[in-house]
1. Most exposed first by the Cβ proxy, i.e. fewest other Cβ within 10 Å, how do V134, V5 rank?
2. Whole-Hz ³J(HN,Hα) for each residue in region 98-113, computed from phi via Karplus 6.51 cos²θ - 1.76 cosθ + 1.60 with θ = phi - 60°, x for glycine and proline: what do you get?
3. Determine, for each peptide in 24-33, 50-59, the mean count of other beta carbons within 10 angstrom over its residues, then list the peptides with the highest first.
4. Provide Rg and Dmax in Å for the chain, with only Cα atoms included in the calculation.
5. Against the empirical 2.2 N^0.38 Å scaling, what ratio does the C-alpha Rg of region 49-114 come to?
6. Taking amide H positions as placed in the peptide plane 1.01 Å from N, state which residues far from A67 in sequence (5 or more) or on other chains have amide H under 5 Å from it.
7. Which of the peptides 69-82, 91-104 is most tightly packed, and how do the rest follow, going by the mean number of other Cβ atoms within 10 Å of each residue?
8. By how many degrees, between 0 and 90 and to the nearest 10, does the Cα long axis of helix 55-66 differ from the longest principal axis of the chain?
Amino acid sequence: MAGLVAITAPCAFVSPGASVIIGLIAGVLVCLATFGLEKIRIDDPVGAVPVHLVNGIWGIVAVGLFANGNPASAGWNGVTSPVTGLFYGGSGQLMAQLFTVGAILVVACGLSLAFFKALSLLKILRSEPHDELVGLDIPEMVRQVTPMRIL
């Protein structure tokens, strides 16, 4: 899944060989990000952050590194010449990709901060402390969904 997310942005701009490298790096990144989240005790049971956030960013940056100047890439997004990444002699595309990552993070984090701050002020962000300790199966599903022997 990590490789699929990572190749989404650069798929039209890279060679098949580069796509393999991008996918391999994505596989390493998803493992490192999962380990990192567990180490700092952030609960992400479905791995959304390592797969989608980390490898989405990696895919955007990969365009700026691996874009091979394929003539078919000319005309995409208002760029009149073929797109070339750093490994093919073009540093401008990498700078554009890094700027894009920064802009996406600022907007996404800003909107998330505003949304969660509003939920916190309305006191609807957290569950009851007792429910957090015993698990949310019963308060939210009205029955024990996860068998206790698994836990």
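Coordinate-derived values only; no laboratory data. Please read all numbers here as calculations on a predicted model, not as lab measurements. Please note: Cβ atoms are built from the backbone with ideal geometry, for glycine as well, and neighbour counts cover all protein chains shown.
1. Ascending Cβ contact count within 10 Å gives the list V134, V5.
2. Once rounded to whole Hz, the list reads 5, 4, 4, 4, x, 5, 4, 5, 4, 5, 5, 5, x, 5, 5, 4.
3. Ranking the peptides 24-33, 50-59 by packing returns 50-59, 24-33.
4. 20.6, 61
5. Numbers: Rg = 13.5 Å, N = 66, 2.2 N^0.38 = 10.8 Å.
Taking N as the residue count of region 49-114, the ratio is 1.25.
6. It is G85, L86, by chain and number.
7. 91-104, 69-82
8. The helix 55-66 is inclined about 10 degrees to the chain.
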